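The values are calculated or read from the model by the stated rules, or taken from the named source; none is laboratory data. Being a predicted model, the structure only gives us computed values, none of them experimental. Here the Cβ is made from the backbone with ideal geometry for all residues, glycine too, and neighbour counts use every protein chain on show. Side chains are part of the model used for accessible areas, which takes the heavy atoms of the whole protein and leaves out ligands, DNA and RNA. Shrake-Rupley method; radii C 1.70, N 1.55, O 1.52, S 1.80 Å.
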Amino acid sequence: MKIYTKTGDKGTTSLIFGERVSKNDVRVDAYGTCDEANSMIGFGVSLFPKEKWAENATTVMQKVQTVLFHVGAELATPAGKEVAWKLKEEDISFLEETIDQWQVGLKPLKQFILPGGSPSASALHTARTIARRAERIAVEIEGVNPLVLSYLNRLSDFLFVAARYVNEQMKVNEPVLHEDHS
Amino acid sequence: MKIYTKTGDKGTTSLIFGERVSKNDVRVDAYGTCDEANSMIGFGVSLFPKEKWAENATTVMQKVQTVLFHVGAELATPAGKEVAWKLKEEDISFLEETIDQWQVGLKPLKQFILPGGSPSASALHTARTIARRAERIAVEIEGVNPLVLSYLNRLSDFLFVAARYVNEQMKVNEPVLHEDHS
Amino acid sequence: MKIYTKTGDKGTTSLIFGERVSKNDVRVDAYGTCDEANSMIGFGVSLFPKEKWAENATTVMQKVQTVLFHVGAELATPAGKEVAWKLKEEDISFLEETIDQWQVGLKPLKQFILPGGSPSASALHTARTIARRAERIAVEIEGVNPLVLSYLNRLSDFLFVAARYVNEQMKVNEPVLHEDHS
Ligand code: B12
Ligand code: B12
Ligand code: B12
Ligand SMILES: C[C@H]1O[C@@H](n2cnc3c(N)ncnc32)[C@H](O)[C@@H]1O
Ligand SMILES: C[C@H]1O[C@@H](n2cnc3c(N)ncnc32)[C@H](O)[C@@H]1O
Ligand SMILES: C[C@H]1O[C@@H](n2cnc3c(N)ncnc32)[C@H](O)[C@@H]1O
Ligand SMILES: [Mg+2]
Ligand SMILES: [Mg+2]
Ligand SMILES: [Mg+2]
C-alpha cells in the first residue's frame, strides 16, 4: 500500500469504523491536533542531552507519546462504537505521579514564568500550548469520552512541569517576567 | 514602504485583487497556516547537517517552500479571478516522485511510528501536522482550486517520508510505540 | 496549591474575574494562542548564540514576552471589567522603534523570502505565523481592546524583522524563492 492513496484529495476522509467525514470534522481536527502535540513532544525529546536523567525522561515521554495514539483512537471512533485502544484511568495517574515526582526539586511558583530556558524545555512549553489547543477542540465533540478531556487537561500540566524539570536538570535558569508581579 | 503599515490594525486586510476581508476570513486562515507550515519546514531544513544528501534535500525542500507561495497565492485569490502564480499538476508529481525515491531505503511500516528521532526529522513531523491543519482549513473554502487540496494532501505524506528519510540518513533510530500493535 | 486542580476536567474554565466559560470560548482560544506564540519566541531565544548582540536581543525579546502576558490578561478579562495589567501605547512604540533599529542593516525587500536560515531565525519566523494566528482569533472577540489588535499586528512585523536581523548577525544567508519573482 502506497503512503499516498489520493482518496482524500477531495476533502473527505474516514474515521476508524469507516464512516466518511469532511476533513474539517471536529474529530479530525482533534486527533490531528493531538498528532501535532505529539510531534512537538518528540521534538523536545530529540533535544535531550545524553544523560541518565534524560534516558529515564525519554522513557516517560515515549510512554506519553504512545498514550496519545490511544487518545487519537478514541477521538477517531464515532460515538457509540468501541475501539481496541482504550484510554485508561491509569494513564492519567501516570501523569500525576510523574508530576509529583518531578516537582520535588522545583521552586514553588507565586507568579507566571516566561516559557523558555533550554531549547528542549522551550519545545516542551510549546508542546504544552498545543496540548491545550487540542483540549479546546476536543471539548466541542459531542459524546466525547470524558477521560480524553481529563487526559489532555493533565497533559498540559505535566508538560509545564516537564519543561521546568528539564531546565532544572540542565541547570538553565528559568526566565522570569521583566517586571515583578509576585 | 515600511513593513508596518498599520492599515490592518482594525482587524481587516486585503486579498490579492484588493477585496477587503476580515482577518478571520477562511482564506486568510488558510494561507496564514501555509505560511506556518512553510516556516516549520524552514526550521527543519535549518537543522540539516552539512552533508551531500542534505544539500540535495535542501534543494528539494526549498522548491517545496517556493511552491507553498504559489499555493498561498491561489488561496489569496478570490473565486473567479486568476493569479499570476499558478499551482501545477507537476508540482504534485514532484512530491510523488520524491516520495518514491526517498522511500526506497525505508522499512515498510505495519504500524504507526512515534513522531521523533533527530531534531530535524522531528521538526518535519511537526511541519507535517501543520500542513494537515492547513488542509483542514482549505477544504472549507468555497470554490477552492482542487489542485490546492491535492497538493496539501500530498504534502503531508511527503513530509512523513521526508522525516523518515532524514532519520535514516542520519542513522537515528525511528522511535517506536511502547506497546507492540503490529 | 497543586498545579493540577482537575476543576477543568469537564471542559469549562474561568476568566480573570471568575466568570466560568467553555474552554472553546474565543477569549480562551485567543490567550491560549498568545501563550503558544510566547513559547515559540522563547524557543527562538533559547537558540541565540552567546554574543553581545544576542544578549541585547534577549532583553528585548523577554520584554516582549512579558508584554504578551499583559495582552493575555486583557484577553482574559470579560468586556466591561478592568484588569491590573494594562497594555500601553508605549508597548507598541517599543516594537516599532526596535523594528526601525534592527532594519538599518537589512537589505530592503522587493519580494517574499523563504522563512528559514539559522535555527533561531526559523523559529522566530514560526513565532511570527503563530502571532498572526492569535491576531486572527482576537479579531473575533466582541469588545476587544483595540490596542490588543494593534499590538498583535505589529508583533508579527517585529518578528519578521527579528528573524532577518538574527540571520544577518549570524551571517547566515537569507533563503530566497527558487524562481525569481522580483
Ligand atoms: C485515526 C488515524 C490517524 C490519526 C490518529 C491515530 C491515532 N490512533 O492516534 C493520525 C492523525 C495520528 C494519523 C496519522 C497518520 N496516518 Co493515519 N489513520 C488513522 C485511521 C483512520 C485509524 C487508525 C487507528 O487509530 N486505528 C486504531 C487501531 C486500534 O486499529 P488498527 O487498525 O489496528 O491500527 C493500526 C493500523 O492502522 C496501523 N497501520 C497499519 N499499517 C500502517 C501503515 C502506515 C504507513 C501507518 C502510518 C500506520 C499503519 O497502525 C495501527 C497500530 O498498529 C486509519 C484508517 C483506518 N480506518 O483504519 C489511518 C491510516 C492508518 N493512516 C494512514 C497514514 C498514511 C497516516 C500518516 C502517514 C498520514 C500523514 N501523512 O501524516 C500519519 C502517520 C503518523 C505516524 N506517526 O505514524 C494510512 C496508512 C496507509 C498505509 N498502509 O500505508 C491509513 C490506513 C489511512 C489510509 N487509508 O490512507 N492517522
Ligand atoms: C497573500 C499575501 C501574503 C501571504 C501569502 C503569500 C503567498 N503567495 O503565499 C503570506 C501570509 C505568506 C504573507 C506574508 C507576509 N507578507 Co504579505 N501579502 C500578501 C498579498 C495580499 C498578496 C501577495 C501575493 O501572493 N501576490 C501574488 C504575486 C503573483 O503577485 P505580486 O504582487 O507580484 O507579488 C509580489 C509582491 O507582493 C511581493 N513583494 C513586493 N515587495 C515586497 C516587500 C516585502 C517586505 C514582502 C514581504 C513582499 C513583497 O512579493 C511577491 C513576489 O515577488 C500582498 C498584498 C497585495 N494585495 O499584493 C501582501 C504583502 C506583499 N505582504 C506584506 C507583508 C509585510 C508580509 C509579511 C512581512 C507580514 C508578516 N509580518 O509576516 C510576510 C512576509 C513573508 C515572507 N516570507 O516574506 C506587504 C509588503 C509591504 C512592503 N512592501 O514592505 C504586502 C504588500 C501587504 C501590505 N500592504 O502590507 N503575505
Ligand atoms: C489567564 C490565565 C492564564 C493565561 C494567560 C495569562 C496572561 N496574563 O497572559 C495563560 C494561558 C498564559 C495561562 C497559563 C498557565 N496557567 Co494560568 N491563569 C490564568 C488566570 C485565569 C488569570 C491570570 C492573570 O493573567 N491574572 C492577571 C494578573 C494581573 O492578576 P494576578 O491574579 O495577580 O496574577 C498573578 C497570579 O495569577 C499568578 N500566579 C500566582 N500563583 C501562581 C502559580 C502558578 C503555578 C502560576 C503559573 C501562576 C501563578 O501570576 C500572576 C502574576 O503574578 C488564572 C486564574 C485566575 N482567575 O486568576 C490562571 C492560573 C494563574 N493559571 C494556572 C496555571 C496552572 C497555568 C499553567 C501552568 C497551565 C498550563 N498547564 O499550561 C500555565 C503557566 C504559564 C506560565 N508561563 O507560567 C493556575 C495556577 C495554580 C497554582 N497556583 O498552582 C491558575 C490560578 C488557574 C487555576 N485555578 O488553576 N494562564
Ligand atoms: C491557566 C488558565 O488557562 C485557561 N485555560 C484552561 N484550559 C485551557 C486551554 N485548554 N487552553 C487555553 N487556556 C486554558 C484558564 O483560564 C486557566 O485558568
Ligand atoms: C491517517 C488519517 O488521518 C486522517 N486525516 C486525513 N487528512 C487529515 C488532515 N488534514 N488532518 C488530520 N487528519 C487527517 C484520516 O482519518 C486518515 O485516515
Ligand atoms: C501580508 C498579507 O497577509 C495577510 N494577513 C494580514 N494579517 C494576517 C493574519 N493575522 N494572518 C494571516 N494573514 C494575514 C494580508 O493579506 C496581508 O496583505
Ligand atoms: Mg488545564
Ligand atoms: Mg492525507
Ligand atoms: Mg499585519
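Being free of Cβ contacts under 8 Å to residues at least 40 places away in the same chain and either within 16 Å of ligand 1 (Cβ to nearest atom) or over 30 Å from B:Lys50 (Cα atoms) (or both) is the filter here, so list the residues in region C:95-142 that pass it. Listed by number, the residues that qualify are C:Glu97, C:Asp100, C:Gln101, C:Val104, C:Arg132, C:Glu135, C:Arg136, C:Val139. The single condition from (1) within 13 Å of ligand 2 (Cβ to nearest atom); (2) open to solvent by 10 Å² or more (accessible area, probe 1.4 Å); (3) more than 10 Å from chain B (Cβ to nearest Cβ) that C:Lys171 fails is (1).
Would you confirm whether any residue within region A:109-125 is part of a loop (DSSP other than H, G, I, E, B) and closer than 18 Å to A:His70 by Cα? No, there is no match, as no residue in region A:109-125 is part of a loop (DSSP other than H, G, I, E, B) and closer than 18 Å to A:His70 by Cα. A Cβ distance below 7 Å, combined with a sequence gap of six or more or placement on separate chains, defines the contacts here; from region C:1-21, residues that are farther than 22 Å from C:Val71 by Cβ reach residues that are open to solvent by 60 Å² or more (accessible area, probe 1.4 Å) in the pairs C:Thr12/C:Arg20.
The residue that is nearest to ligand 2 (Cβ to nearest atom), counting only those in region C:124-168 that are more than 9 Å from every other protein chain (Cβ to nearest Cβ) and over 19 Å from C:Ile99 (Cα atoms), is C:Ala134.
Looking across region C:53-64, the residues that are open to solvent by less than 20 Å² (accessible area, probe 1.4 Å) and closer than 16 Å to C:Phe160 by Cα come down to C:Ala57, C:Met61, C:Val64.
If you go through region A:15-26 and keep only what is open to solvent by less than 50 Å² (accessible area, probe 1.4 Å) and more than 7 Å from every other protein chain (Cβ to nearest Cβ), you end up with A:Leu15, A:Gly18, A:Val21, A:Asp25, A:Val26.
Has region A:75-85 got any residue that is under 29 Å from C:Arg133 (Cα atoms), open to solvent by 50 Å² or more (accessible area, probe 1.4 Å) and either in contact with a His (Cβ under 9 Å, 6 or more places away or on another chain) or part of a loop (DSSP other than H, G, I, E, B) (or both)? So far as region A:75-85 goes, no, none of its residues is under 29 Å from C:Arg133 (Cα atoms), open to solvent by 50 Å² or more (accessible area, probe 1.4 Å) and either in contact with a His (Cβ under 9 Å, 6 or more places away or on another chain) or part of a loop (DSSP other than H, G, I, E, B) (or both).
Inclusion of A:Lys2 among residues that are assigned to a loop (DSSP other than H, G, I, E, B), of a type in the set (Lys, Arg) and within 12 Å of another protein chain (Cβ to nearest Cβ) is warranted. Within region B:27-52, the set of residues being open to solvent by 30 Å² or more (accessible area, probe 1.4 Å) and more than 7 Å from chain C (Cβ to nearest Cβ) comprises B:Tyr31, B:Pro49, B:Lys50, B:Glu51, B:Lys52. Within region B:7-22, being of a type in the set (D, E, K, R) and either touching a His at 6+ places or on another chain (Cβ under 9 Å) or more than 13 Å from ligand 9 (Cβ to nearest atom) (or both) holds for B:Glu19, B:Arg20.
Scanning region B:74-119 for residues that are within 10 Å of another protein chain (Cβ to nearest Cβ), hydrophobic (A, V, I, L, M, F, W, C) and under 25 Å from B:Ile137 (Cβ atoms) returns B:Ala84, B:Trp85, B:Ile92, B:Leu95, B:Ile99, B:Phe112.
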